[in-house]
1. If you fit an axis through the alpha-carbon atoms of helix 5-41 and take the longest principal axis of the Cα set of the chain, what angle between them do you get, 0 to 90°, nearest 10?
2. List, in order, the whole-Hz ³J(HN,Hα) value for each residue of the stretch 61-72 obtained from phi through the Karplus relation with A = 6.51, B = -1.76, C = 1.60 and θ = phi - 60°; use x for Gly and Pro.
3. Just want the answer: with Cβ charges of +1 for Lys and Arg and -1 for Asp and Glu, which residue in L39, G65, T18 is farthest toward the dipole's positive end in the stretch 5-80?
4. Quick check for me: using +1 on Lys/Arg Cβ and -1 on Asp/Glu Cβ, what's the dipole size of the chain about its Cα centre, in debye to the nearest 20?
5. Defining a contact as two alpha carbons under 8 Å apart and six or more residues distant in sequence, what relative contact order in percent does the chain show?
6. For K84, go through the aspartates and glutamates and keep the ones whose alpha-carbon is under 16 Å away, minus same-chain ones fewer than eight residues off.
7. Given the chain, what whole percent of its Cα pairs are spread farther than 17 Å?
Amino acid sequence: MANTSSARKRIRQTQRRTAVNAARKSRIRTFLRKVESALASGDAAAAQEAFRAAQPEIQRGVTKGVLHKNTASRKVSRLAGRVKALSAPAV
């Protein structure tokens, strides 16, 4: 257990930040799940719309320090490819 008042304060701050970051991660995962479900259903329009909503959320995660920028970029790139493939006419 922390002995100094500054250490106690750091514990409180860490708990608060952990809760906020967990909420942000959960929000990002929810948006990703919506894209995944739209892709699984085969609905190109819904997938495109869900992807447009998810992209800024992922980037916001980078800004807030929840995701690494390369991780976010990789996720966006892979999702974009899958949405594009779904939207493309079958040959």
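1. 10 degrees
2. Taking θ as phi minus 60°, the curve returns x, 5, 4, 7, x, 8, 10, 6, 5, 5, 4, 4 Hz for the stretch 61-72.
3. Comparing the listed Cα positions along the dipole, T18 ranks first.
4. 740 debye
5. For the chain, the relative contact order is 26 percent.
6. Cα-Cα hits under 16 Å: E36, D43, E49.
7. 57 percent
Read-outs throughout are calculated quantities, based only on the coordinates presented, and are distinct from any laboratory measurement. What you see is a predicted model, and the numbers here were worked out from it, not measured in a lab. So basically every Cβ, Gly included, is an ideal-geometry build from the backbone, and we count neighbours across all protein chains shown.
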